[in-house]
Amino acid sequence: MSGPYPHPGELGDPVYENITHDPRQSFYWHTHGFPSPLAKWNFHPEYELHLIRHSTGHYMVGDYAGRFGPGNLVLVGPNLPHSWFSDLRHGSDIIERRDVVLQFRGEWLESLMRLCPELRRVEPLIQDSSRGVLFTGAATQDAASRLEAMGQQDDVARVSSLIELLGRLSRIEYRLLTSPNYHLRHAGVRSEQVDAILQHVHRHFNRHISMTAVARWQGMTPSTFSRFFKQATGDTFIAFVRRLRIDHACRLLLDPRYAVADVCFMAGYSNLSNFNRHFRRLTGMTPREYRQSSAAEHDAAAAVDEPARRVG
């Protein structure tokens, strides 16, 4: 995309992004390029630490619009719309691994703060992220390098690195991006309607849930609701529910008490072959392979810890 760039108000309603969480991990670290299905005007309930590695362009956070370059590091709070658009000379250009993105849930951080009161020092930063935080201090480059390095670390090292990174970020100079009352303008009727639908889906995804019934509940025809849901979430209703079910199945598979067939029905499927096919499509492995992989990771971690326990 090249300029002129749209003002945030001209972008229309942001798309709700459904972030699938691996139950074996506390947070989600990943990279992506541009253009990408992930690079869109969107919002989600997770906190997001976003680093631009390559390219220049224009970015929007809430009602803020500005330019970015390599090293742009921003912390976005829950449900705050955001997007980064890179300058492209040609329509066919692709910028590989442009972004490093780290997403985590507020409940996870809150529980961590209760266990470790020392982490309360990052609370002002977390609160300020509701308006979007652009890091400007001299130590920003070091923080960005540490965020990138997490991609080469194992799961245990990543947890300790994130805790250290949050501590460092809380000491770096930063500025707030959105206007103070932006969140009031964002809480419109449309957002309330989308929130009600998503809450309903999250409560009932593992039972029989009919798009036609949800559409009728919202006073829409199925075709109108289908377009509405696609615009609001960036996904079809069926694909959205499917992702929730597979995410839930991943958590259940970590419990050896449940057979794969049990997990199938507990996740909302009535057909084992459909469950296996959808699970493989979204995770790259069968439910049985996923369970075996998780058990192997657990055994490997235990083997690493064993010498330390013996020494103690």
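Please indicate, with yes or no, whether at least one residue in the range 62-69 is of a type in the set (Asp, Glu) and out of contact with any strand residue (DSSP E or B) (no Cβ under 6 Å at 6 or more places or on another chain).
yes
Conditions (1) surrounded by fewer than 17 Cβ atoms within 10 Å (Cβ to Cβ); (2) of a type in the set (D, E, K, R); (3) modelled with pLDDT of 90 or more; (4) under 30 Å from residue 201 (Cβ atoms), marked per residue:
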| position | (1), (2), (3), (4) |
| --- | --- |
| 253 | no, no, yes, yes |
| 257 | yes, yes, yes, yes |
| 260 | no, no, yes, yes |
| 266 | yes, no, yes, yes |
| 279 | no, no, yes, yes |
| 293 | yes, no, no, yes |
| 301 | yes, no, no, no |
| 307 | yes, no, no, no |
| 310 | yes, yes, no, no |
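Within the range 219-268, track down each residue that is over 22 Å from the mean Cα position of the chain (by Cα), under 23 Å from residue 286 (Cβ atoms) and among the small types (Gly, Ala, Ser).
Residues satisfying the conditions are 259, 261, 268.
Please determine whether any residue of the range 155-162 is over 18 Å from the mean Cα position of the chain (by Cα), part of a loop (DSSP other than H, G, I, E, B) and under 25 Å from residue 22 (Cβ atoms).
The answer is no, given that none of the residues of the range 155-162 is over 18 Å from the mean Cα position of the chain (by Cα), part of a loop (DSSP other than H, G, I, E, B) and under 25 Å from residue 22 (Cβ atoms).
Can you tell me which residue within the range 10-60, out of those that are β-branched (Val, Ile, Thr) and more than 9 Å from the chain's Cα centre (by Cα), is most open to solvent (accessible area, probe 1.4 Å)?
Our first condition is that a residue be β-branched (Val, Ile, Thr); within the range 10-60, this holds for 15, 19-20, 31, 52, 56.
The next check asks that each one be more than 9 Å from the chain's Cα centre (by Cα); those that pass are 15, 31, 52, 56.
On the way: 15: 26, 31: 39, 52: 1, 56: 64 Å².
The residue in question is 56.
What's the total number of residues in the range 227-251 that are among the polar types (S, T, N, Q) and surrounded by fewer than 17 Cβ atoms within 10 Å (Cβ to Cβ)?
2
Sort through 110, 118, 123 and tell me the only one that's touching a helix residue (DSSP H, G or I) at 6+ places or on another chain (Cβ under 8 Å) and either exposed (fewer than 14 other Cβ atoms within 10 Å of the Cβ) or not in a helix (DSSP H, G or I) (or both).
Among 110, 118, 123, only 123 is touching a helix residue (DSSP H, G or I) at 6+ places or on another chain (Cβ under 8 Å) and either exposed (fewer than 14 other Cβ atoms within 10 Å of the Cβ) or not in a helix (DSSP H, G or I) (or both).
I'm checking my understanding of the structure. Among residues of the range 47-95 that are free of Cβ contacts under 8 Å to residues at least 60 places away in the same chain and of a type in the set (A, V, I, L, M, F, W, C), which one is nearest to residue 142 (Cα to Cα)?
Checking each candidate, the answer is 52.
Could you list all residues from the range 126-149 that are surrounded by fewer than 20 Cβ atoms within 10 Å (Cβ to Cβ) and of a type in the set (D, E, K, R)?
128, 142, 146, 148
Hey, residue 182 hits all of (1) within 30 Å of residue 220 (Cβ to Cβ); (2) open to solvent by 70 Å² or more (accessible area, probe 1.4 Å); (3) of a type in the set (Ser, Thr, Tyr) but one; which does it fall short on?
Residue 182 satisfies all of (1) within 30 Å of residue 220 (Cβ to Cβ); (2) open to solvent by 70 Å² or more (accessible area, probe 1.4 Å); (3) of a type in the set (Ser, Thr, Tyr) except (2).
Quick one: count up the residues across the range 53-78 that are more than 18 Å from residue 17 (Cβ to Cβ) and assigned to a strand (DSSP E or B).
Number of matching residues: 8.
Of all residues in the range 81-96, which are surrounded by 13 or more Cβ atoms within 10 Å (Cβ to Cβ) and within 25 Å of residue 145 (Cβ to Cβ)?
The answer is 82, 83, 84, 85, 86, 87, 95.
The values are calculated or read from the model by the stated rules, or taken from the named source; none is laboratory data. In this text, all values refer to a predicted model and were calculated from it rather than measured experimentally. Counting neighbours? That spans all protein chains shown, and the Cβs are built from the backbone with ideal geometry, glycine included. Each accessible area value is taken on the protein alone, full model and side chains, heavy atoms only, with ligands, DNA and RNA left out. Shrake-Rupley method; radii C 1.70, N 1.55, O 1.52, S 1.80 Å.
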